[in-house]
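The structure under discussion appears below in the form of structure tokens.
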Amino acid sequence: MLTATNSRPIHRSCWKGWLPCAVTVFGLWWMAGCTPMDPPQDEPAGGGTEVQEEVSQAQQPKTCQDPDARWSYQGATGPDHWSELSRCFGLCDAGDEQSPIDLEIGTSSPLPQLSFAYRPAPLRLHHKDHTVTVEHDSKSALDFGEMSFRLRQLHFHAPSEHTRQGEESPLEMHLVHSSTGGSLAVVAVFIEPGEDNVALAGIWNHLPTIPGDPFEVPETDIDTAALLPASKASYRYSGSLTTPPCGEDVRWIVLAEAITLSQEKIDAFTALYGGNRRPIQPRGARQVLSDL
Ligand SMILES: [Zn+2]
């Protein structure tokens, strides 16, 4: 079993050059639900990303503070320049396990079963930075192996950040979880045009059009479990936050089956937030495992 203090160095050095080791460590990591790795050390507590803000509220990791840093998805503050915008954003350029990536057919492997214990929660929305975030009350859980995570928030990207053999989807939903030990796990769900989605209606009916403070929609719950596809077959790999500060050691679980949403609602989201995706990052020596 790797320990909290030595897991990251072993993990990272193996990725860089010793493929069998990488496979072994990654397999152990998933199979044994190894000891949570240290949270990224150089992430700001706020101002950089809605994800990090949520994480910092949950676990208060050691962070790199730069609340004034502003980033975007284009031009001088776009992804090509993120690492130049703050000393806290260095991993956006220097990291070697960045997300998103293109997903090919993953290496088939028996993986710990995903156990979702999602519960309805009051609908609390926040238009912050470059997406709408649905803040969660943390009573929903995701377990796999020996690891247990709490759902902190979910948000969307248009078009999708991950691709499958080069193919993108119009939308991608990210469900962001953290453990009490500071590990992060993000479940990604592709959203394709099709039958409308009742579970998403509450969000879409109240999409904030301008950035502002979080607000709760009265007498409205979100049935988060209903947002997941029937099949939980997935791709899994080790990556990063897809927004600055691009912190690594994020467990990515990309569900293979997409959910659907009406074209009208996809267009409505894209009109408000479209283009909020980071370009594909090099996969490098990382293995993508799957139980498809
Ligand atoms: Zn995201």
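Would the stretch 109-126 turn up any residue that is at pLDDT 95 or above, among the basic types (Lys, Arg) and within 16 Å of the ligand (Cβ to nearest atom)?
The answer is no, given that none of the residues of the stretch 109-126 is at pLDDT 95 or above, among the basic types (Lys, Arg) and within 16 Å of the ligand (Cβ to nearest atom).
Please go through the stretch 253-281 and give me each residue that is outside any loop (DSSP other than H, G, I, E, B), among the hydrophobic types (A, V, I, L, M, F, W, C) and either closer than 19 Å to ALA158 by Cβ or away from the ligand (no atom under 16 Å from the Cβ) (or both), ordered by number.
VAL254, LEU255, ILE259, LEU261, ILE266, ALA268, PHE269, ALA271, LEU272
When you go through SER179, SER160, SER148 one by one, which is the residue that is polar (S, T, N, Q) and crowded, with 23+ Cβ neighbours inside 10 Å?
Result: SER160 is the single residue among SER179, SER160, SER148 that is polar (S, T, N, Q) and crowded, with 23+ Cβ neighbours inside 10 Å.
So the check is Cβ under 9 Å with 6+ separation or different chains; which pairs have a first residue in the stretch 156-184 that's on the phi > 0 side of the Ramachandran plot and part of a loop (DSSP other than H, G, I, E, B) and a second one that's crowded, with 23+ Cβ neighbours inside 10 Å and polar (S, T, N, Q)?
none
Looking at (1) outside any strand (DSSP E or B); (2) farther than 23 Å from GLY274 by Cα; (3) in contact with a strand residue (DSSP E or B) (Cβ under 6 Å, 6 or more places away or on another chain), which one does PRO110 not meet, given that it meets all the others?
Of everything listed in (1) outside any strand (DSSP E or B); (2) farther than 23 Å from GLY274 by Cα; (3) in contact with a strand residue (DSSP E or B) (Cβ under 6 Å, 6 or more places away or on another chain), PRO110 misses just condition (3).
Rundown of residues vs (1) surrounded by fewer than 19 Cβ atoms within 10 Å (Cβ to Cβ); (2) at positive phi; (3) touching a helix residue (DSSP H, G or I) at 6+ places or on another chain (Cβ under 8 Å); (4) not small (Gly, Ala, Ser), yes/no style:
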site: ASP80; (1), (2), (3), (4): yes, no, no, yes
site: GLY90; (1), (2), (3), (4): yes, no, yes, no
site: GLY95; (1), (2), (3), (4): no, no, no, no
site: ASP102; (1), (2), (3), (4): yes, no, no, yes
site: SER108; (1), (2), (3), (4): yes, no, no, no
site: LEU111; (1), (2), (3), (4): no, no, yes, yes
site: PRO122; (1), (2), (3), (4): yes, no, no, yes
site: HIS127; (1), (2), (3), (4): no, no, no, yes
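For the stretch 69-107, name all the residues that are assigned to a helix (DSSP H, G or I) and among the aromatic types (Phe, Trp, Tyr).
Listed by number, the residues that qualify are TRP82, PHE89.
Restricting the search to the stretch 159-196, which residues are among the hydroxyl-bearing types (Ser, Thr, Tyr), away from the ligand (no atom under 14 Å from the Cβ) and either closer than 20 Å to SER231 by Cα or in contact with a Gly (Cβ under 8 Å, 6 or more places away or on another chain) (or both)?
Within the stretch 159-196, just THR163 meets the criteria.
Quick one: in the stretch 214-232, which of the residues that are away from the ligand (no atom under 16 Å from the Cβ) and closer than 12 Å to ALA188 by Cα is surrounded by the fewest Cβ atoms within 10 Å (Cβ to Cβ)?
By that ranking, first place goes to PRO229.
Could you list, in sequence order, the residues of the stretch 149-164 that are among the aliphatic types (A, V, I, L, M) and farther than 18 Å from GLY202 by Cα?
Result: LEU151, ALA158.
Give me the residue from the stretch 233-250 that is away from the ligand (no atom under 14 Å from the Cβ) and within 16 Å of the chain's Cα centre (by Cα) and, out of that set, farthest from SER83 (Cα to Cα).
Going through the qualifying residues, I end up with SER234.
The values are calculated or read from the model by the stated rules, or taken from the named source; none is laboratory data. What you see is a predicted model; the values in this text were computed from it and never measured. Neighbour counts run over all protein chains shown; Cβ positions are idealised from the backbone, glycine included.
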